[in-house]
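Peer 1: Quick one: the structure is below, and I'll ask about it shortly.
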Amino acid sequence: MIAEMLPVNSKRTDTMADKVLVVDDDSNIGELLHTFFTLKGYQVVLAANGEQALELAECEMPNAILLDINMPGIDGMETCKRLRADEKTRLIPIIFITAYGASKAEANDVGADDIIYKPFDMRDLSIRLKSVIRVGHITDPAERLMTYMDELEKNRSELVLEKIEKRRNQLANSCD
């Protein structure tokens, strides 16, 4: 099913795959994201709670973290605060993925780079992940946010152009 959602040439061609830490206590969501992003060419590491996320972030040093908010034990908000407080993990981009009604402002207050609500669109999450990875090295919060917004716009524009080209090809083939 996931493979059907991917465009034919969706596999990344980077020689070194970006590593993503997916943190969700719902194993179905974790497996869905693992499968989807593995097929997209990412190396995916799973954690079921905040404690595991803190340990894995420290030893795996992922390029980004997809973090659920509402989890037993250490929730996503506290996990994010602790990751930001640790010199080793403070620059790892974090996107909250949640059904919890946290606002963008609340997510920013604890240091998250973005927030996406369940149920989410996989293409949108993929665009956000790609964009946030590209800005992970920027230390100034304002510059990081502005660069992230530029990356999102660029990646969304690329997706629109791909859709237009695909539709154009479909129409050309149907006229033959």
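Peer 1: At 0.36 nm per residue, minus the direct Cα-Cα distance, what do ASN108 and GLU158 gain on full extension? Give it in nm, one decimal, please.
Peer 2: Full extension from ASN108 to GLU158 adds 15.3 nm.
Peer 1: Of VAL44, LEU91, LEU129, whose Cα points farthest to the positive end of the dipole of the chain (charges on the beta-carbon: +1 Lys, Arg; -1 Asp, Glu; origin at the Cα centre)?
Peer 2: Final value for the positive-end residue is LEU129.
Peer 1: Want the number for LEU91 to MET122: 0.36 nm per residue separation, take away the alpha-carbon distance, what's left?
Peer 2: On the way: separation 31, 0.36 × 31 = 11.16 nm, distance 2.42 nm.
Length gained, LEU91 through MET122: 8.7 nm.
Peer 1: Using a simple charge model, +1 on the beta-carbon of Lys and Arg, -1 on the beta-carbon of Asp and Glu, nothing else, what dipole does region 2-175 show about its Cα centre, in debye to the nearest 20?
Peer 2: For region 2-175, the charge dipole is close to 820 debye.
Peer 1: Right, next: Just one of (i) -0.56, -0.65, -0.75, -1.14; (ii) -0.39, -0.47, -0.55, -1.06; (iii) -0.44, -0.52, -0.61, -1.07 is log10 I(q)/I(0) by the Debye sum over Cα atoms at q = 0.10, 0.11, 0.12, 0.17 Å⁻¹ as worked out from the coordinates here. Which one is it?
Peer 2: Calculated log10 I(q)/I(0) by the Debye sum over Cα atoms at q = 0.10, 0.11, 0.12, 0.17 Å⁻¹: the matching label is (ii).
Peer 1: Choose one answer from ASP18, ASP68, ASP109: the residue with the largest mean-square fluctuation in a GNM of the chain with alpha-carbon springs under 10 Å.
Peer 2: Between ASP18, ASP68, ASP109, it is ASP109 that shows the largest mean-square fluctuation.
Peer 1: For the cross-link pairs LYS19/LYS88; LYS81/LYS118; LYS130/LYS154, which exceed 19 Å when the distance is taken from alpha carbon to alpha carbon?
Peer 2: LYS81/LYS118
Peer 1: Take HIS34, HIS137 and order them by how many other Cβ atoms sit within 10 Å, fewest up front.
Peer 2: Exposure proxy ranking, most exposed first: HIS137, HIS34.
All of the numbers you see were taken from the coordinates with simple rules; none came from a lab. All of these numbers come straight from a predicted model, not from anything done at the bench. Cβ coordinates were reconstructed from backbone atoms using ideal geometry, including for glycine residues, and neighbour counts include every protein chain displayed.
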